[in-house]
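Nothing in this text is a laboratory measurement; each read-out follows from the coordinates by a stated rule. No experiment lies behind these values; they were computed from the predicted model shown. Glycine also receives a Cβ, built like all others from the backbone with ideal geometry; neighbour counts cover every protein chain displayed.
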Amino acid sequence: MSSPQRSTLSPVASGADHDVTAGAVVRPQRVRYPDIEPYDERMLDVGDGQSLHVEQSGNPDGIPVVFVHGGPGGGIGRDYRGFFDPELFRIIGFDQRGCGLSTPHVSQLHDAAQMASNTTAHLVGDMERLRTELGIELWGVFGGSWGSTLSLAYAEQFPERVNWLVLRGIFTLRRSELDWYYNGGASMVYPEHWQHFLAPLRRAGFDLDGDNIVGYHRLLWSEDHELARAAGLAWTRWEAATSSLLYSAEHVEESSDPDAALAFARIENHYFAHHGFLRENQLIEQAGRLGDIDGVIVQGRYDMCCPAATSHELHKAWPRADYRVVMAGHSAFEPNITSELVLATDRLAARG
């Protein structure tokens, strides 16, 4: 059976490099579409005792697009639906293993060894299982931060199933990226928040010149539950404090439930301690597998979590992508990033 024909970006857009941070701060052109409710929710058994929460919204006969959430461990929430025109897109969201409404939730686990069936390869397989379960031959893939990692891993393994990619805040889990954020680079910009991040390691007597990711892995799975909760809170608050151009006390407070923070931190740290279960530089080196897949890369110029060097290298390896650098930090919900993401999906919808 022949594969469906992919949508195609115009020569003007495809492969373009737009630095919209030049000059004055750009006024966003677009906002997200109004919130909508799913028309379908289900649990999908993917084996290994794991069931994923899946939802569909928008137009059941529209252009299929799968939203790949960040973290790992972030869950889909509900705000992601607004990046897509609900009249034109069949919007598919799913909570990855261990988080959101998927089961078993990481909070039900008591030992790091129980995370053995939660790897990048498992998640890529889950995405392909979801596509076939929903009867989709070709879909768009949309993901940011860790979602960009998983989207790239999926597209490089199953390029014949990807219509187009929209990626934000590129993260490929190379050693340099992990060290930048967790072993001192970003501390030069946020020294006061960095001291809060180091506090649990310092109290536990860990070598602060070592790998903080490894130190946190021990703390997060400590038999001392209060120690683990304190570590989860510090890990999660560090990310919340540094993930937008302007510090948001409200966002930090929203991320400060100790049990929710511990669950999130355990999944995220599990992946980072294992380098994403990827070979060093794998996703950049294999970008040639994306072939003639069209795409858009949206990058915040002042992204502290996932600095622009990585998105720049991805674009060099995948020049077909439309590369847009905006005045923003990391969060998808910063106005300039939101605007570029909505404009990207609008352009792709216009091309079918």
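Let me know the shape class of the stretch 102-231, please: from the alpha-carbon gyration tensor, a ≥ b ≥ c as square roots of the eigenvalues, rounded when a/c is under 1.5, otherwise prolate if a/b is greater than b/c, or oblate. Taking the square roots of the gyration eigenvalues as a ≥ b ≥ c, the stretch 102-231 is oblate.
Label point of residue 226 set 7 angstrom out along Cα-Cβ; within the stretch 185-204, amide nitrogens under 18 Å from it belong to 199-204. Taking each DSSP H run with n ≥ 4 as -39500 (n - 2.57) and averaging over every residue of the chain yields -11000 deg cm²/dmol at 222 nm. Between residue 257 and residue 316, residue separation times 0.36 nm minus the direct Cα-Cα distance comes to 17.2 nm.
Highest GNM mean-square fluctuation among 82, 169, 135, for the chain modelled with Cα contacts below 10 Å: 135. A Cβ-based charge dipole, computed about the Cα centre of the chain with Lys and Arg at +1 and Asp and Glu at -1, lands at about 700 debye. When Rg and Dmax are taken over the Cα atoms of the stretch 176-276, they come to 12.5, 37 Å.
With Cα atoms as the point set, the radius of gyration and Dmax of the chain evaluate to 19.4, 61 Å.
Remark: the stretch 253-309 projects, on average over all directions, an area of 6.1 nm² (convex hull of Cα atoms).
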